[in-house]
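These notes concern the structure reproduced below.
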Amino acid sequence: MEILGVKNLKFAYPNEKKQALNGIDLSVEEGEILLVCGSSGSGKTTLLRLLKKELAPCGELQGEITLFGNAEKKADVFDIGFVMQNPHSQIVTDKVWHELAFALENMGLDKNTIRLRTGEMASFLGISSWFEKKTSELSGGQLQILNLASVMAMQPRILLLDEPVSQLDPIAAREFLNAVMRLNREMGTTVIMTEHRLEDAFVLADRVAVMQDGMIKCVGAPREVSERIIAEADEEMFASLPAAARIFSMTGGKGKCPLNVREGRAYLKERFSDRAGAKLNSKENEKTGDKLIRLKDLRFRYLKNSEDIIKDLSLDIYSGDNLCILGANGVGKSTLLKLICSRIKPYMGSVKHKKGLSFALLPQQAEMVFLKDSLIEDLKLTCLENGLGKEDAENKIDGLKQIFRLEGLLDRHPYDLSGGETQRAALAKLMICRPDVMLLDEPTKGIDPAGKRELAALVENMRYDGMTVVTVTHDIEYAASYSSRCAMLFNGEIISSGEPRSFFGGNSFYTTAANRISRGLFDNAISCGDVAKLCGF
């Protein structure tokens, strides 16, 4: 039975000539998981928010949305649940059990019903041990599970998820998606999810809808959609496919397209067992220049009586480095960036910089760097603050506009930009300051593969201009493909570091899908291109 239908849906934001959605037709069956994917700016989030009337954006709307088989019926506020991209943006109370009870209290339920529902949902999702904890003590992954539990305690018929794992580490992301699958399989909840990180989400879905330029390009089962993307040589979406499907295509595979690690391993062993043992050599740690920064035996805590977040941490950063720091949510990666640029001070240990070193920090919420109502005003203000005259400022902005592809964005409010546009605009603003060291906190969140390639190219341009770049990221594929060095932060200290091939080659979970697929057949392959090369392609 159809639980949600969309017919010829069109939508345009105020003062925008281009339509964000342009004739969407979509039918969702009760109890299915529908994954909506596509490049940044294709209209995924707009579509999702229009389905939840309380979050619907302002603008001109045409077409019809049918809920629960009745075009005239308006959904109750509690019929459709919504989990947002940022785990922190949905938390409204101080304790876990308060958060679980908050929406139920707003529904007007009695005390005994609230106690039953919160206890039942906490038990179902395995968060009973957090029940009395403060929400401020939870990691990003735990907060997102709590958001899911709080929404599901209301017993919605439809669950909308807007890139729910974009800010989670790989293990926390899998835990969240497994929880979603249980809710779907055991409670029959209909799930509509948008996502850029498709490795795990793709195989979870019953159907996949691919969006492009505000339209649905194709809809079908995950394997069917994968095979169509491969057959049409759709470069934009190909990079988003699971690694098994990309390896299959890159090695001339025929027949049934593999979608997960198990199927990918079976495909490689069947076709390329004669090449077993082939390997790519690891390089020595790429220390590109002089030592710029030395962190020695650092210890840091935010409150006097709290536990140390950073414990005996030591790390050297070199001129020209493109260093990626990985680790679980809440392990202290963002804190480490602040220690590197001396925004906060350790209570033990030392931070030594090369004399005269300047820093710029791009925060996890990149929109926080903007102060004005339009991007052009913000860039002009930054030029003024850095001593540039009017003519020099105009030339500087013209140059940045070309490098960071800001044409058509300068007159828009920074908060109206997409995730990829926000990252590019924020980097452009920070580049006006000409720092020696650029610190990036989760710069790839909410960005499609094409956007990540653009970001990597911008980082390389920075390094070419003499800049050192340190990136905190959960995006293993990005770190494996584009960094010069990687380091793992665990339990407050750096426990491992090295160039990407050696760093990821021995890991079991903090490694790429391509490495898990080829492990045991090939050594040190960490990308789909590596695997294809070792297969002779």
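The values are calculated or read from the model by the stated rules, or taken from the named source; none is laboratory data. Keep in mind that this is a model prediction, so the values were computed, not measured. Counting neighbours? That spans all protein chains shown, and the Cβs are built from the backbone with ideal geometry, glycine included. Calculation scope for accessible area: heavy atoms of the full protein, side chains included, ligands and nucleic acids excluded. Shrake-Rupley method; radii C 1.70, N 1.55, O 1.52, S 1.80 Å.
Quick notes on this one:
- Cα-derived Rg to Rh of segment 422-537, Kirkwood definition: 1.00
- Once the 1.4 Å probe is applied to the protein heavy atoms, segment 1-59 comes out at 44 Å² accessible per residue.
- Label positions at THR66 and GLU407, each projected 7 Å from the Cα along the C-beta direction, are separated by 4.3 nm.
- Taking ARG294, ARG424 and ordering them by how much accessible surface each has at a 1.4 Å probe, largest first, produces ARG294, ARG424.
- Segment 384-535 - accessible surface per residue (Å², probe 1.4 Å): 38 Å²
- DSSP bridge orientation in the chain - percent antiparallel, rounded to nearest 5: 50 percent
- Estimated distance in nm for a label pair at ASP76 and GLU232, the labels positioned 7 Å out from Cα along Cα-to-Cβ: 4.0 nm
- Note on segment 185-237: semi-axes of the ellipsoid equivalent to its C-alpha gyration tensor, largest first and rounded to whole Å, are 21, 12, 10.
- Counting only aspartates and glutamates at least 8 places from LYS355 when in the same chain, those with an alpha carbon closer than 15 Å to its own are ASP290, ASP436.
- Take the Cα of ASP392, step 7 Å toward its Cβ, do the same at LEU55, and the gap between the two points is 4.6 nm.
- Put simply, the amide H of PHE82, placed in the peptide plane, has neighbours under 5 Å in LEU160, leaving out anything fewer than 5 places away on its chain.
- In terms of packing, defined here as the mean over residues of other Cβ atoms within 10 angstrom, the peptides 107-113, 365-371, 168-174 line up highest first as 168-174, 365-371, 107-113.
- Listed residue pairs exceeding 32 Å between alpha carbons, taken from LYS291/LYS445; LYS345/LYS401; LYS7/LYS134; LYS401/LYS533: LYS345/LYS401; LYS7/LYS134; LYS401/LYS533
- Within the chain, helix-based [θ] at 222 nm, where runs of 4 or more DSSP H residues each add -39,500 (n - 2.57), nearest 500: -10500 deg cm²/dmol
- The H on the amide N of GLY63, modeled in the peptide plane, is under 5 Å from the matching H of LYS10, each at least 5 residues off or on a different chain.
- Once the C-beta distance of CYS433 and HIS88 is scaled by a Förster radius of 41 Å, the resulting FRET efficiency is 0.90 to the nearest 0.05.
- Cα centroid of segment 484-537 to Cα centroid of segment 1-30, whole Å: 41 Å
- Expressed as a whole percent, the proportion of Cα-Cα pairs in segment 123-276 lying more than 21 Å apart is 53%.
- Accessible area expressed per residue, segment 84-230, with surrounding protein chains retained (probe 1.4 Å, Å²): 40 Å²
- Segment 496-530: chymotrypsin sites (Phe, Trp or Tyr not before Pro) falling in loop per DSSP and having at most 10 other Cβ within 10 Å: PHE509
- Carbon plus sulfur fraction of accessible area for the chain, probe 1.4 Å, in percent: 48 percent
- Given in Å, the Rg to one decimal and the Dmax to the nearest whole number for the Cα atoms of the chain are 24.0, 69.
- Between GLU120 and LYS269, full extension at 0.36 nm per residue minus the direct alpha carbon distance yields a gain of 49.2 nm.
- Extreme residue, positive dipole direction of the chain, given options ALA205, ASN147, ALA328 (C-beta unit charges): ALA328
- Here r is the Cβ-Cβ distance between LYS111 and PHE490 and R0 is 30 Å; the resulting FRET efficiency, rounded to 0.05, is 0.10.
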